[in-house]
Structures are given as structure tokens and as C-alpha cells.
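> Handing you this structure, nothing more for now.
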Amino acid sequence: MISIVGIGSGNRVEELTIKAYNTLKNSDIGIYPGNFIGEELKELFEDKTMFTGRDITSEKIKNIFHNNRDKNICLMVSGDPALYSGQFNTNLCLDEHIKWFNEHNYNYEMIPGLSSLSILCAKKSIDLTPFSKTQNVFITSIERLRDLKCFNYTELKSILSTKPVLALYQSLKEFDNIKSLLMEFYPPTTKVIFAQSLSWSNECIFETDLKTLNETESTTSQFNDQTLILVYPSTILTIK
């Protein structure tokens, strides 16, 4: 059995669901294609086989699956597997894995995890859909859209005109390009949060508003392309 497991930030066992924790504990082999996996999770594979690192390519993962069909294998994914898994032209996303599993008759399951958006909202006590405000939440990645050559400026402008709560994954490089759209449709007091490395020791959360962001030079140089950007009207309720 192959289990694709969302591991939240990847740093803390307490962020795992009970099912995710038990699956990791009972797996024969663990795979994490990257470096954002903490010691607490690695300890769950102390007496087992584990593959981690940026050199764990999709082809290597397929070979591990192929050579261990009789084993319980856990493929760990940061956050929730359904949201922005994989890396374009480097690691398969969830949909590509599932297609490959079906083509080769593998038994598999998907176990959800905490997304970075969920973790950020919990840390900042944010209600994305309060009764007093919009019920629309728009989640996208501008950089992925450009990679896939399907970015449509007119379409984005139309969506932003409805003033949804906006969650931008992997979009930091493009943020300056869409800031003018935000200023056009959102009030100046709209909150903007930049967050990266959530739940890690180097966690960084920067909160500002559109007016301040537009009037000052960029204050986001400390962030990287894995930054989550959350844009929401200041009148959205917060839990005190």
C-alpha cells in the first residue's frame, strides 16, 4: 500500500492527524522529496528505511515504489497533498502520482494534512468566512500559472473585482505585478500577511496593509518563493 500523507509544516508530530501519525508509524519505507522535514518526524522512521533530500526525484520515487510493491510506503507531502504538491518539471504533483498509480495498478490512499493557510489562520486568529463579510476565498499560484502558460490577467482582474479573500501560494515574485490590481479593488486598510517557514524555528510572519505596502519600499526581501501571501479586508472578524 502506498500512502500519500500530508504532514503540515513537516516539523512537528503534533500537527499530524491521528491517521497520518499511525500511517507513518506503521510504514516500512518513508519518502520525503526535500529538506523540510524535522527530527520529530524522522524519529518515526528510526528503525526503518527513509529517503529524504532534494535529490529524491520523481523517477527515484517510482523506482522505490516498483522495487517494494510488497511494502507499506509513505510518501510525505508538506501541508495538504491536495494543495500545490510537487514542483513543476521536478517532482510530480498529487494528480500525476494518482494517474501513475492507476496506470500501474498500485493500491494507494491519500491522507490530508494541515495546509500552511490553515496554520497561518490559526496563528493569527483569522476567520476567512465570517457571517459579516464575503464568503469567497480565492486560492491560486501566479508563478505556477505562468509556468503552465495559462496566466490570464483579464481573468484575474475579474476575480479580484469581487474582493475575495486572496491566498497566494508561490507568488512572491509576481506580487508587485498584481499590487496595482489590489489597490484598484480593495480598500487601503486591507490586511496583507506574508508568511514562511510556519512552525519552524525561523518562522517569519509580516503583517501590513495595502496603503503602507504601496507607500513604502519593499519590505519582503527576507521572504522566498515558498512564501504564502494572504490578502483580506480589515473588517473580517478575528477571534479574540
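The values are calculated or read from the model by the stated rules, or taken from the named source; none is laboratory data. Small disclaimer: the values here were computed from a predicted structure and weren't measured. Cβ: placed from backbone, ideal geometry, glycine included. Neighbour counts: every protein chain shown.
> May I ask you to verify whether Thr90 is under 30 Å from Leu230 (Cβ atoms), modelled with pLDDT of 95 or more, polar (S, T, N, Q) and not assigned by TED's automatic domain parsing to the domain that holds Ser171? Before the answer, list the steps.
Numbers: under 30 Å from Leu230 (Cβ atoms): yes; modelled with pLDDT of 95 or more: no; polar (S, T, N, Q): yes; not assigned by TED's automatic domain parsing to the domain that holds Ser171: yes.
So Thr90 fails the test.
> Find the helices (runs of 4 or more DSSP H) located wholly in the range 109-190 whose residues include 1 or more that are in contact with a helix residue (DSSP H, G or I) (Cβ under 6 Å, 6 or more places away or on another chain) and aromatic (Phe, Trp, Tyr), and list them. Spell out how you get there, then give the answer.
Values: elements: 116-124, 142-147, 153-160, 175-185.
The qualifying helices (runs of 4 or more DSSP H) are 175-185.
> Pairs under 8 Å by beta carbon, first residue acidic (Asp, Glu) in the range 119-130, partner surrounded by fewer than 15 Cβ atoms within 10 Å (Cβ to Cβ) and not in a loop (DSSP other than H, G, I, E, B), six or more apart or different chains?
Asp127/Thr238
> Looking only at residues in the range 7-46 that are part of a loop (DSSP other than H, G, I, E, B) and loosely packed, with under 13 Cβ neighbours inside 10 Å, which one is nearest to the chain's Cα centre (by Cα)? I'd like the intermediate steps shown before the answer.
In the first step, residues of the range 7-46 are kept if they are part of a loop (DSSP other than H, G, I, E, B); the result is 7, 9-12, 16-17, 27-28, 33-38, 46.
Of the ones still in play, those that are also loosely packed, with under 13 Cβ neighbours inside 10 Å are 35, 46.
Details: Asn35: 15, Glu46: 26 Å.
Of everything passing the filter in the range 7-46, Asn35 is nearest to the chain's Cα centre (by Cα).
> Does the range 114-127 hold any residues that are more than 18 Å from Asn11 (Cα to Cα) and surrounded by fewer than 19 Cβ atoms within 10 Å (Cβ to Cβ), and which are they?
If the condition is that a residue be more than 18 Å from Asn11 (Cα to Cα) and surrounded by fewer than 19 Cβ atoms within 10 Å (Cβ to Cβ), then Lys124, Ser125, Asp127 are the ones that fit.
> Still on this structure: Would you mind finding the one in Ile111, Ile73, Ile64 that is crowded, with 16+ Cβ neighbours inside 10 Å and touching a Lys or Arg at 6+ places or on another chain (Cβ under 8 Å)? Can you show your working first?
Numbers: Ile73 fails: touching a Lys or Arg at 6+ places or on another chain (Cβ under 8 Å); Ile64 fails: touching a Lys or Arg at 6+ places or on another chain (Cβ under 8 Å).
Going through Ile111, Ile73, Ile64 in turn, just one is crowded, with 16+ Cβ neighbours inside 10 Å and touching a Lys or Arg at 6+ places or on another chain (Cβ under 8 Å): Ile111.
> So, of the residues in the range 131-172 that are within 24 Å of Cys121 (Cβ to Cβ) and of a type in the set (Lys, Arg), which turns out to be modelled with the highest pLDDT?
Ranking the qualifying residues of the range 131-172, first place goes to Lys163.
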